[in-house]
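Asks: Take this structure first; my questions come after.
The values are calculated or read from the model by the stated rules, or taken from the named source; none is laboratory data. The structure presented is a predicted model; accordingly, all values stated were derived computationally and were not measured. Glycine also receives a Cβ, built like all others from the backbone with ideal geometry; neighbour counts cover every protein chain displayed.
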């Protein structure tokens, strides 16, 4: 029993260090809210942020953010397999987010791609995949010889056009209602 509590506490520490909101850490680990908030204060020397998680509509408010979400979901589903459509696969989520951020940081597209998806937004997308709010699209042949979204030289207007085409090419698309 104590070993399980220790493992859950260690997992909470890792998630908090990774920037996950305390409400999600509490949900994932099953630890008491007071303990999770105390861990957050100890790790970050500040009280946890309050407020709601990001909404899917906010995460998908532009073509580029939709392409970004699609990239994350594609990585997540590739790592977590078909089970990702039934329940959140935490290890796949963390690994996919790490890989997503590595690619995002490598691109460093001068801010043209907007802010990257944080771990909380990644969790929201993974959750929405399990509820059907994010959906898998049938794969289609890629219309471009090279994905323009991830090219450094493309102009923003070209990025938006090519990102729309690349959404279909990945076979994965985060689709929001509204």
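Asks: Kindly indicate which of 29, 84, 9 is farther than 18 Å from residue 129 by Cα, crowded, with 17+ Cβ neighbours inside 10 Å and at pLDDT 90 or above.
Replies: On the way: 84 fails: farther than 18 Å from residue 129 by Cα; 9 fails: crowded, with 17+ Cβ neighbours inside 10 Å.
From the options 29, 84, 9, the qualifying one is 29.
Asks: Quick one: residue 70 ticks every box in (1) in the same structural domain as residue 129 (by TED's automatic domain parsing); (2) outside any helix (DSSP H, G or I); (3) in contact (Cβ under 8 Å) with a residue 40 or more places away in the chain bar one, so which box is it?
Replies: Every listed condition holds for residue 70 apart from (2).
Asks: I'd like to verify a number: residues in the stretch 73-100 that are in contact (Cβ under 8 Å) with a residue 60 or more places away in the chain and not in a helix (DSSP H, G or I), how many?
Replies: Number of matching residues: 0.
Asks: Shifting gears a bit: Go through the stretch 17-30 and give me each residue that's in contact (Cβ under 8 Å) with a residue 24 or more places away in the chain and farther than 15 Å from residue 91 by Cα. Break it down into steps so the answer makes sense when it comes.
Replies: Taking the stretch 17-30 as the starting set, the residues that turn out to be in contact (Cβ under 8 Å) with a residue 24 or more places away in the chain are 17-24, 28.
Within the stretch 17-30, 17, 19, 21, 22, 23 meet the criteria.
Asks: Next up: Does residue 50 meet the test of being under 23 Å from the mean Cα position of the chain (by Cα) and closer than 15 Å to residue 127 by Cα?
Replies: Against the criterion (under 23 Å from the mean Cα position of the chain (by Cα) and closer than 15 Å to residue 127 by Cα), residue 50 does not qualify.
Asks: Still on this model: Which of the residues belonging to the stretch 32-80 are crowded, with 19+ Cβ neighbours inside 10 Å, modelled with pLDDT of 95 or more and under 25 Å from residue 100 (Cα atoms)?
Replies: Listed by number, the list holds a single entry, 40.
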